[in-house]
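What follows is a short report on a single structure.
The values are calculated or read from the model by the stated rules, or taken from the named source; none is laboratory data. Since this is a predicted model, take the numbers as computed values, not measurements. Don't worry about glycine lacking a Cβ; one is built from the backbone with ideal geometry, like all the others, and counts go over all protein chains shown. We work out accessible area using only protein heavy atoms, side chains counted, and drop any ligands, DNA or RNA first. Shrake-Rupley method; radii C 1.70, N 1.55, O 1.52, S 1.80 Å.
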Amino acid sequence: MRTMPSAEMVSLISFLAVLLIFFSIDVRSRDSGASKPWHARLFEWASRVGGIATALALTLGWVDLFLPDENSAIHVAFVAVPGSVAVLCAIVLGLEMLWQRWEAP
């Protein structure tokens, strides 16, 4: 895996910050009831896992930003793996639109 320059890390951190805001809004808008269909629980947990993965990737990226580029203690994979999990969770939540029902007003 290639090294990531500071300018690219700033762009990644900005993207992860926006993604974290998205997951925060999504988690707060969900009801946590006992009897839900399987897909409602899947989307609820995708939102939670995505938020945690985003927070982890954002924290590691932020710390890596202030370390010297030559011998960084944080490998790019430590930011890329949770960041990829967060993006996959965001895609799953995008697919949630397929399961939404139109309710009559």
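General remarks:
- A 1.4 Å probe run over the protein chains yields, for region 1-62, 65 Å² of accessible area per residue, whole-number rounding.
- Dipole axis of the chain (+1 Lys, Arg; -1 Asp, Glu on Cβ), positive-most option in 15, 98, 83: 98
- The chain - mean residue ellipticity at 222 nm from DSSP helices (-39,500 (n - 2.57) per run, n ≥ 4, rounded to 500): -24000 deg cm²/dmol
- All C-alpha to C-alpha distances of region 36-85, sorted into 10 Å bins beginning at zero, yield P(r) values of 26, 38, 21, 11, 4, 0 percent in whole numbers.
- With every protein chain in place and a 1.4 angstrom probe, the accessible-area ranking of 39, 75, largest first, reads 75, 39.
- Between residue 40 and residue 28, full extension at 0.36 nm per residue minus the direct alpha carbon distance yields a gain of 2.9 nm.
- Size of the chain from its Cα atoms: along the principal axes, largest to smallest, the extents are 59, 24, 22 Å.
- Share of carbon and sulfur in the accessible area of the chain stands at 69%, probe radius 1.4 Å.
- Helices meeting the span-like rule in the chain (full DSSP H runs, Cα extent of at least 18 Å along the helix axis, mean Kyte-Doolittle score of 1.0 or higher): 6-28, 76-95.
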